[in-house]
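A short worksheet on the structure shown next.
The values are calculated or read from the model by the stated rules, or taken from the named source; none is laboratory data. Values in this document were obtained by computation on a predicted structure and should not be read as measured data. For neighbour counting, all protein chains shown are included, and Cβ atoms are generated from backbone atoms with ideal geometry for every residue, glycine included. Each accessible area value is taken on the protein alone, full model and side chains, heavy atoms only, with ligands, DNA and RNA left out. Shrake-Rupley method; radii C 1.70, N 1.55, O 1.52, S 1.80 Å.
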Amino acid sequence: MTMRNLHTRTAGALAAAVLCVTVFAACGDKEQTATQADSVTVSDQWVKAADSGMTAAFGQLANTGDSQIHLVSVSSPASGYMEIHEMATSDSGGMVMREKEGGLVIPAKGSHSLDPGGDHLMFMDITAPVTAGQTVDLTLTFDDGSTKEVEAQVRDFSGNEENYDPGTTDTPTPGA
């Protein structure tokens, strides 16, 4: 083998090694950039129609990933602010809705239902009437900082007139 052939083979082997490292590094980066939002799917989402005040969003959250996911906040241009809510027993024994401390957990390879009378996403101060047939944009934020944009249809719904317990007053307020 001549020096020229040896040099050509060495250069070819080096180029192949650099290509392999680049490909594997790109694959590694892709895995590292996967977010909680990438593992969440939202289905059957809807918002209760309301003229003013408060309303709520419901649906099914599914986690396709191998680790549990924490939904820590939600926002929408349709509301001044939003909270993640749960139903709980009040001091007087009745059921009230209140902010769910720490958000909610979607188990690995599992799901979490957002239902009237259960956990839901609460619009605390809608900015304009939300009417049946329109859609509302929501942004779900997870504890890794990732977000998922969701569009939900507004529906008429007359059930589940719960009371809201903000934790600072004994006066219940009508809610979702």
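Evaluated against (1) under 16 Å from the mean Cα position of the chain (by Cα); (2) within 13 Å of H85 (Cα to Cα); (3) crowded, with 20+ Cβ neighbours inside 10 Å, V136 falls short on exactly one condition, (2). Check whether at least one residue in the stretch 86-96 is open to solvent by less than 20 Å² (accessible area, probe 1.4 Å), among the β-branched types (V, I, T), more than 23 Å from E151 (Cα to Cα) and touching a Phe, Trp or Tyr at 6+ places or on another chain (Cβ under 9 Å), and report yes or no. Scanning the stretch 86-96, I find at least one residue that is open to solvent by less than 20 Å² (accessible area, probe 1.4 Å), among the β-branched types (V, I, T), more than 23 Å from E151 (Cα to Cα) and touching a Phe, Trp or Tyr at 6+ places or on another chain (Cβ under 9 Å), so the answer is yes.
Taking each residue of the stretch 39-56 that is farther than 16 Å from G117 by Cβ and looking for partners that are among the acidic types (D, E) and in a strand (DSSP E or B) with beta-carbon atoms closer than 8 Å, six or more apart or interchain, yields Q45/E151.
The set of residues from the stretch 44-84 being open to solvent by less than 20 Å² (accessible area, probe 1.4 Å), in a strand (DSSP E or B) and under 17 Å from D143 (Cα atoms) comprises L61, N63, I69, L71, V74, I84.
If you filter the stretch 111-125 down to residues that are open to solvent by 30 Å² or more (accessible area, probe 1.4 Å) and part of a strand (DSSP E or B), you find that the one that is farthest from I69 (Cα to Cα) is S113. Whenever a residue of the stretch 136-151 is under 16 Å from G102 (Cα atoms), its partners that are open to solvent by 70 Å² or more (accessible area, probe 1.4 Å), lying with C-beta atoms within less than 6 angstrom and at least six residues away or across chains, give the pairs T141/T147. Exactly one residue out of A128, A176, A108, A152 is modelled with pLDDT under 95 and either assigned to a loop (DSSP other than H, G, I, E, B) or surrounded by 15 or more Cβ atoms within 10 Å (Cβ to Cβ) (or both), and it is A176.
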